[in-house]
Amino acid sequence: MDHHTRRPGPPHVRRPGATTVADTSVGASHSPLTQLVVEQMRERILNGSLPQGHRLVEGRVSAEFDVSRIPVREALRHLAAEGLVTIEPRRGASVTRFSEEQVLELVEVRGNLEALNAKLAARHKDPEQIAKMRRILDEGNRLADASDLEALARVNRQFHGVLCQAAGNSVLKEVMRSLRDRTELLFTPFNRHRCRQNWEEHAAILRAVLNGDPELASVLALCHVQNAADRSDLD
């Protein structure tokens, strides 16, 4: 019997809206269970439930998700390729811990790419993407008032994803996809202290996009990333 599919149902712990094993789309190298474990572990890493440096022991993860070790091992390899997990010989896997130098480099690159996203979005002024950002902004403000941190992390990703769509540059979109999760891992511990500020900054970026002001949109997006990474108010 195949180890990936021998269990009758999905892992017990599932985020809201997660797909079931039956309807999960998978690639040739991943089983449905592997994909589910990848998605749920990624969500926990990005929302801070699994902090930087946290050890990811295959046996424990396997027991927690009620799956065999094979999909867990594949999921860890997948997340390592994304930069969210580090796998070391004889030490095993852990949530990636970034050095100070890496943090500075990631923030620098993310800030400049988000600035380019916003600049291009303001030039294009795509009505469909702008309407999406408005809806996400309304939802983000509502969640910020309620201090719903987990949901805020989700809609924050949506806002930046749609801003990237609005930029209309497929190369930039691909680069941002590989970078966004790693930088979000850095920002998560600090964003809970600046819920309202995050969404005020999002609103300002959107206003600049609506006004067709590429330079202002670019500056605001760069400052937003720098502010999100600023730990001085936590010292």
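The values are calculated or read from the model by the stated rules, or taken from the named source; none is laboratory data. Note that the structure is a prediction, hence the values are computed from the model and not measured. Note that we place each Cβ from the backbone using ideal geometry, even for glycine, and neighbour counts take in every protein chain shown.
Every test in (1) farther than 29 Å from GLN40 by Cβ; (2) touching a strand residue (DSSP E or B) at 6+ places or on another chain (Cβ under 8 Å) is passed by ALA208 save one, and that test is (2). Among the residues of the stretch 86-111, those identified as within 21 Å of the chain's Cα centre (by Cα) and under 30 Å from GLY59 (Cβ atoms) are THR86, ILE87, ALA93, SER94, VAL95, THR96, ARG97, PHE98, SER99, GLN102.
Taking first residues from the stretch 32-47 that are in contact (Cβ under 8 Å) with a residue 12 or more places away in the chain and partners that are among the hydroxyl-bearing types (Ser, Thr, Tyr) and surrounded by 19 or more Cβ atoms within 10 Å (Cβ to Cβ), no Cβ contact under 6 Å between residues at least 6 apart in sequence or on separate chains turns up.
Going by the structure shown, is ALA18 modelled with pLDDT of 50 or more and either surrounded by fewer than 13 Cβ atoms within 10 Å (Cβ to Cβ) or farther than 30 Å from GLN102 by Cβ (or both)?
no
Using the structure shown, decide if GLU114 is closer than 29 Å to VAL219 by Cα, of a type outside the set (Phe, Trp, Tyr), modelled with pLDDT of 95 or more and under 16 Å from the mean Cα position of the chain (by Cα). When the stated conditions are applied, GLU114 passes them. Can you name the residue in the stretch 45-63 that is modelled with pLDDT under 90 and assigned to a helix (DSSP H, G or I) and is also surrounded by the fewest Cβ atoms within 10 Å (Cβ to Cβ) among such residues? Result: LEU46.
Taken over the stretch 66-93, the criterion of being small (Gly, Ala, Ser) and within 15 Å of LEU186 (Cα to Cα) is satisfied by GLY83 alone.
Here is the figure for the stretch 192-235: residues that are small (Gly, Ala, Ser), at pLDDT 95 or above and either surrounded by 20 or more Cβ atoms within 10 Å (Cβ to Cβ) or more than 22 Å from the chain's Cα centre (by Cα) (or both) total 5. The condition of being in contact with a helix residue (DSSP H, G or I) (Cβ under 7 Å, 6 or more places away or on another chain), closer than 20 Å to LEU106 by Cβ and modelled with pLDDT of 85 or more holds for HIS160. From the list GLU128, GLU39, GLU114, GLU108, which residue is part of a helix (DSSP H, G or I) and crowded, with 19+ Cβ neighbours inside 10 Å? Exactly one residue qualifies, and that residue is GLU114. Report whether or not GLU88 is farther than 30 Å from LEU220 by Cβ and exposed (fewer than 13 other Cβ atoms within 10 Å of the Cβ). So GLU88 passes the test. When SER178, SER147, SER170 are checked against the criterion of being among the hydroxyl-bearing types (Ser, Thr, Tyr), more than 24 Å from GLU43 (Cα to Cα) and either modelled with pLDDT of 95 or more or not assigned by TED's automatic domain parsing to the domain that holds LEU79 (or both), SER170 stands alone in meeting it. When PHE98 is tested against the conditions (1) in a loop (DSSP other than H, G, I, E, B); (2) among the hydrophobic types (A, V, I, L, M, F, W, C); (3) within 19 Å of GLN35 (Cβ to Cβ), the lone failure is (3).
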